[in-house]
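What follows is a short report on a single structure.
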């Protein structure tokens with residue numbers, strides 16, 4: 001077999017399946033978040049698309065915009081990783097909702113203290129785990145997530161991690177853009193937790209997921 | 001950023017003559033390979049994602065891999081008047097963005113990119129003048145064709161010129 005690439009192998013019905021999986025996953029993640037902070041959350045239908053390497057960072061505000069990335073590596077019947085990415089504002093509004101404290105504006109924008117960092121880690125962990133468990137339920141495939149790892153840095157630098165994984169099989173990255181919006185309530189500020197999920201299975205695992213759902 | 005600064009994207013490479021300059025934004029685990037010939041005042045910059053094109057089936061984009069990018073970068077610079085024997089190298093990137101206890105080869109791709117780059121530079125007899133690699137943070141770099149100065153910027157770590 002000569003040169004083949006995942007973006008040629010995948011057709012619209014594959015993308016539809018991934019979109020459906022993404023919707024279910026995000027819904028589970030949103031429910032988990034709602035329980036965690038005891039607030040109502042809403043989510044629009046996620047966007048699923050292949051993004052060229054040169055444009056991946058535009059999704060998160062440009063190559064040098066500082067974002068928060070939470071990564072969990074996945075083993076078991078599927079090999080790969082799952083990421084949740086959010087802009088700094090989302091991370092800030094999350095930590096504020098949890099810890100109920102205003103941040104010191106003197107601090108640099110990218111600086112989080114230990115408490116804030118563990119809030120981000122835990123929220124990311126819970127959202128990614130519920131996403132994965134929804135996928136496990138639908139596909140009957142067993143996913144074993146690792147502990148979460150957090151990185152706060154330039155969007156392009158963080159996105160190099162999934163881009164390199166996809167780079168082994170394609171010239172694009174499969175993005176599941178999910179927004180989770182926490183509604184304003186009396187006496188409580190609006191919390192915006194929009195972000196992106198990126199599922200990065202190896203090629204073999206990708207087809208295993210599709211096969212499990214009856215797509216060839 | 002200077003008006004004559006050209007952006008090199010992810011899995012991309014470019015070469016320029018002075019007074020031109022090249023930049024690549026947010027190198028993570030990718031490696032940024034900067035070559036320059038100060039005599040001819042020609043510089044070339046590549047933003048590579050993977051160490052070896054021979055291990056990958058989908059390898060049509062030469063800039064994606066260290067081995068194929070280096071060949072193309074040298075050739076493009078020679079077209080602008082640079083000589084291989086006068087070329088020098090400065091490299092950056094190859095970070096491990098997430099703090100895995102990485103034994104898995106997939107997760108230490110940054111190290112592998114750096115190792116592959118250093119090995120190839122030796123093969124091509126291009127001296128390595130500076131190396132701002134590894135650790136766990138992203139880097140933006142700028143390369144100036146007039147004297148080969150290489151500027152590295154990181155979040156919360158200031159600016160460094162080598």
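The values are calculated or read from the model by the stated rules, or taken from the named source; none is laboratory data. None of the values given here were measured: they were computed from a predicted structure. A quick note on method: Cβ atoms are made from the backbone with ideal geometry, for glycine too, and the neighbour counts reach across all protein chains shown.
Within the stretch A:144-176, can you find the residues that are assigned to a loop (DSSP other than H, G, I, E, B), facing another protein chain (nearest Cβ under 7 Å) and in contact with a helix residue (DSSP H, G or I) (Cβ under 7 Å, 6 or more places away or on another chain)?
Scanning the stretch A:144-176 gives A:169, A:170, A:171.
Of the residues that sit in the stretch A:182-209 and are more than 13 Å from chain B (Cβ to nearest Cβ), part of a strand (DSSP E or B) and at pLDDT below 75, which one is nearest to residue B:59 (Cα to Cα)?
The extreme case among them is A:192.
Assuming residue A:137 fulfils every condition listed in (1) part of a helix (DSSP H, G or I); (2) within 23 Å of residue A:206 (Cβ to Cβ); (3) touching a helix residue (DSSP H, G or I) at 6+ places or on another chain (Cβ under 6 Å) apart from one, which condition is it?
Looking at each condition in turn, residue A:137 falls short on (3).
Counting only residues that are away from chain A (no Cβ under 14 Å), give me the strands (runs of 3 or more DSSP E) lying completely in the stretch B:1-86 with at least 3 of them. First the steps, then the outcome.
Details: elements: B:5-7, B:12-17, B:21-27, B:31-37, B:42-48.
Result: B:12-17, B:31-37, B:42-48.
Would you confirm whether or not the stretch B:110-117 contains a residue that is free of Cβ contacts under 8 Å to residues at least 24 places away in the same chain, more than 10 Å from every other protein chain (Cβ to nearest Cβ) and within 11 Å of residue B:30 (Cα to Cα)?
Checking the stretch B:110-117: at least one residue is free of Cβ contacts under 8 Å to residues at least 24 places away in the same chain, more than 10 Å from every other protein chain (Cβ to nearest Cβ) and within 11 Å of residue B:30 (Cα to Cα).
Going residue by residue through the stretch A:97-107, is there one that turns out to be more than 11 Å from every other protein chain (Cβ to nearest Cβ), under 14 Å from the mean Cα position of the chain (by Cα) and without any contact (Cβ under 8 Å) to a residue 24 or more places away in the chain?
Within the stretch A:97-107 (the criterion being more than 11 Å from every other protein chain (Cβ to nearest Cβ), under 14 Å from the mean Cα position of the chain (by Cα) and without any contact (Cβ under 8 Å) to a residue 24 or more places away in the chain), the answer is no, since none of the residues qualifies.
Determine, yes or no, whether residue B:142 is closer than 22 Å to residue B:77 by Cβ and within 14 Å of chain A (Cβ to nearest Cβ). Working first, answer last.
Values: closer than 22 Å to residue B:77 by Cβ: yes; within 14 Å of chain A (Cβ to nearest Cβ): yes.
The answer is yes for residue B:142.
Give the residues of the stretch A:38-87 that are more than 9 Å from chain B (Cβ to nearest Cβ), part of a helix (DSSP H, G or I) and without any contact (Cβ under 8 Å) to a residue 24 or more places away in the chain, sorted by residue number.
Once the filter is applied, which keeps residues that are more than 9 Å from chain B (Cβ to nearest Cβ), part of a helix (DSSP H, G or I) and without any contact (Cβ under 8 Å) to a residue 24 or more places away in the chain, the stretch A:38-87 yields only A:58.
Which one is surrounded by the most Cβ atoms within 10 Å (Cβ to Cβ), of the residues in the stretch A:120-143 that are more than 14 Å from chain B (Cβ to nearest Cβ) and over 14 Å from residue A:24 (Cα atoms)?
Here the residue is A:123.
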